[in-house]
Every structure is written in structure tokens, then in C-alpha cells.
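Q: There's a structure below that I have some questions on.
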Amino acid sequence: MKTLVESIAKELIDAESHQYSVAPLTERYSELSVSDAYQIQLEVIDNKIREGHEVIGKKVGLTSAAMQQMLGVDEPDYGHLLDYMKVADGEKVKISDFISPKVEAEIGFILERDLVGPNVNYLDVLMATKYVVPTIEIIDSRITDWKIKLVDTVADNGSSARVVIGNKLSTIEGFDLRSQGMLFYKNDELVGTGAGAAALGHPAQAVAWLANKLHEFGIHLKAGELILPGALSCAISVNEGDTISAHFGHLGTVSVTFE
Ligand SMILES: C[C@H](O)CC(=O)C(=O)O
């Protein structure tokens, strides 16, 4: 199994580096379990760290009914966020850096304290949170045509590609993140609306789910990390020239342009 994990990890790293996709792993290796897929993801991340990259946070995805229905997967996935994925608010990114990019609007959590599963609940998450921040996650799939099952996306680092981080950091006092609204625009067109509750009922609940899930692999969420709890509405495909913005009321706005 070690050789298979290493060779699939290499395949996914090469696909990401050279912007091509590979056939679904689940069609080629029906024996792979979710736990094997996570070992592949960890091998990808170890390789990136050996190349000099740093982990800046983690993501959980497929936490909303909208995303689960869109991709036909009925459980959350998860992945690592690396330093090269960070994009500043308003920045331009090159569409040619991606294979089949989609964008999502999420409430990012910046942790003040470690969160170690099991038994983490949403209140533990709120107490460990330093700031929340508006984000746009750019997801991309190294699996052809997004034909992913849970094993495919977990092996492929939760389909992570970039995260655009808003400039406004807010403490959570006085905010009900469940009812926090979000308007999602592609150019001047409203392409999605959502509320915090879309992510497993409360975005902090999605972060708690991740802390408990990662405990199974001896991994925890660390102070200073950015944690993405999942999209609040459907992911939107993007093309060259598109400007995407997500508006989160008092929490602020974040945007990115594809050139
Ligand atoms: C496949 C992705 O993990 C989906 C995602 O990022 C999300 O639902 O959020």
C-alpha cells in the first residue's frame, strides 16, 4: 500500500503543478478507503513541506446541502491550506494556473488556540477563535471533469487550490454566525446567496467536525491557522476576465479577478 500511496501522491502533485487532470482514482483503484485517501493527501503535503512550503491552515468542504448535491458526495471532505495558496483581497490570479477552477464564499476562522479532538463542539470553536474573516476559496480538481467521490477529493487535498483572504478581521462578539448572510457576485451578476447555517448548521460546527475528524489521524487544528468551514452556496465556475466578490455585511467583502 505504501508504494501505491506514494505513486498516487506523485501523480496528483504533477497534475497540480502542470495543470492537467487524471482519471478518477475510484475508477482505477476500487479498493482505496477514505483512510487510504487521507494517507495519500498526507503524502502530498509531506512532499510540499519537503519542497519548502508551509501549512497555513485547513479546510473542510462539502458541509452544505448545495455543495453535496452539486458534486454528488454526501459527506464532508477536508484538506490542507499551504502558503502558496494564499491570495490577497482584490488580487488578480491567472486562470492558466488552474485546471477547472470554481469559487466559493466562506467565513474563515483564525484560531487563537489549538483545537484537539475528539469531543470538540461549536462552543469550543467559538472560544478558540481569534477572528473571523471573509474568504473566497478557489477550488480545483486534479480529477477529470470533477468526477469525484469522497475518496478522490480527500486524496486530492479536498480539491484545494487558493484562498482569497479579506482585509477585515472581526472578533465574534455580537455576531450570530449562523444567520450571517452572504451575497456572491460574478462580475455584476448575483450568482449565489447564503447564510452561515448552510455549513453543517453553524460554521463553527463545521470546524468542530474537522477537529474531531482529524483526531482520527493524530492531527489537530493549530493556533494561528486559518480554517475554512465550507461554502455557503454553490461553487461557481469562472473564466478569464471574471471578477468574483463575496459580501458578508458587517464582516466585510472580499474579491478576486481571474486574468
Ligand atoms: C470539493 C470541495 O471540498 C468543496 C468545498 O470546498 C466546499 O464545499 O466548501
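Q: For residues that are crowded, with 19+ Cβ neighbours inside 10 Å, touching a residue at least 40 places away in the same chain (Cβ under 8 Å) and farther than 22 Å from PHE109 by Cβ, tally how many sit in the stretch 37-72.
A: Summing the residues that are crowded, with 19+ Cβ neighbours inside 10 Å, touching a residue at least 40 places away in the same chain (Cβ under 8 Å) and farther than 22 Å from PHE109 by Cβ in the stretch 37-72 gives 4.
Q: Between GLY181, GLY201, GLY108, GLY117, which is within 16 Å of the ligand (Cβ to nearest atom), among the small types (Gly, Ala, Ser) and surrounded by fewer than 24 Cβ atoms within 10 Å (Cβ to Cβ)?
A: GLY201
Q: Out of all the residues in the stretch 12-31, which are in contact with a helix residue (DSSP H, G or I) (Cβ under 9 Å, 6 or more places away or on another chain) and under 12 Å from ASP156 (Cβ atoms)?
A: LEU12, ILE13, GLU16, SER21, VAL22, PRO24, LEU25, THR26 - these are the residues of the stretch 12-31 that are in contact with a helix residue (DSSP H, G or I) (Cβ under 9 Å, 6 or more places away or on another chain) and under 12 Å from ASP156 (Cβ atoms).
Q: Hey, another quick one. Would a scan of the stretch 71-91 turn up a residue that is within 17 Å of SER160 (Cβ to Cβ), in contact with a helix residue (DSSP H, G or I) (Cβ under 7 Å, 6 or more places away or on another chain) and of a type in the set (Lys, Arg)?
A: Within the stretch 71-91, not a single residue is within 17 Å of SER160 (Cβ to Cβ), in contact with a helix residue (DSSP H, G or I) (Cβ under 7 Å, 6 or more places away or on another chain) and of a type in the set (Lys, Arg).
Q: For the stretch 67-97, give me each residue that is at positive phi and within 16 Å of the ligand (Cβ to nearest atom).
A: GLY72
Q: Another question, if that's okay. Can you spot a residue in the stretch 21-43 that is within 20 Å of ASP83 (Cα to Cα) and touching a Lys or Arg at 6+ places or on another chain (Cβ under 6 Å)?
A: Taking every residue of the stretch 21-43 in turn, none turns out to be within 20 Å of ASP83 (Cα to Cα) and touching a Lys or Arg at 6+ places or on another chain (Cβ under 6 Å).
Q: Given the residues ILE40, ILE49, which is the only one that is under 20 Å from PHE217 (Cβ atoms), more than 16 Å from the ligand (Cβ to nearest atom), over 15 Å from the mean Cα position of the chain (by Cα) and hydrophobic (A, V, I, L, M, F, W, C)?
A: Just a single option satisfies the conditions, and that option is ILE49.
Q: Would you be able to tell me the number of residues in the stretch 144-181 that are not in a loop (DSSP other than H, G, I, E, B) and not β-branched (Val, Ile, Thr)?
A: Residues flagged as not in a loop (DSSP other than H, G, I, E, B) and not β-branched (Val, Ile, Thr) within the stretch 144-181 amount to 13.
Q: Suppose we keep only residues that are over 21 Å from ASP83 (Cα atoms) and among the charged types (D, E, K, R) within the stretch 1-10. Which one would you say is surrounded by the fewest Cβ atoms within 10 Å (Cβ to Cβ)?
A: LYS2
Q: Just to be sure I understand, how many residues within the stretch 1-38 are in contact with a strand residue (DSSP E or B) (Cβ under 7 Å, 6 or more places away or on another chain) and among the charged types (D, E, K, R)?
A: Total meeting the criteria: 1.
Q: Mind checking which residues of the stretch 138-158 are crowded, with 24+ Cβ neighbours inside 10 Å, at negative phi and within 11 Å of the ligand (Cβ to nearest atom)?
A: Result: ILE138, ILE139, SER141, ILE143, ILE148, ASP152, THR153, VAL154, ASP156.
Q: Contact list please: Cβ distance under 6 Å, first residue in the stretch 228-249 and in contact (Cβ under 8 Å) with a residue 40 or more places away in the chain and at positive phi, second residue surrounded by 20 or more Cβ atoms within 10 Å (Cβ to Cβ) and in a loop (DSSP other than H, G, I, E, B), pairs at least six apart or on different chains.
A: Close Cβ pairs (under 6 Å, with a partner that is surrounded by 20 or more Cβ atoms within 10 Å (Cβ to Cβ) and in a loop (DSSP other than H, G, I, E, B)) amount to GLY230/THR63; GLY230/SER64; GLY230/ALA199.
Quick note: the coordinates plus some simple rules give every number you see, no bench work behind them. Just so it is clear, the structure is predicted and the values come from calculations on it, not from any experiment. Positions of Cβ are backbone-derived with ideal geometry, glycine not excepted, and every protein chain shown enters the neighbour counts.
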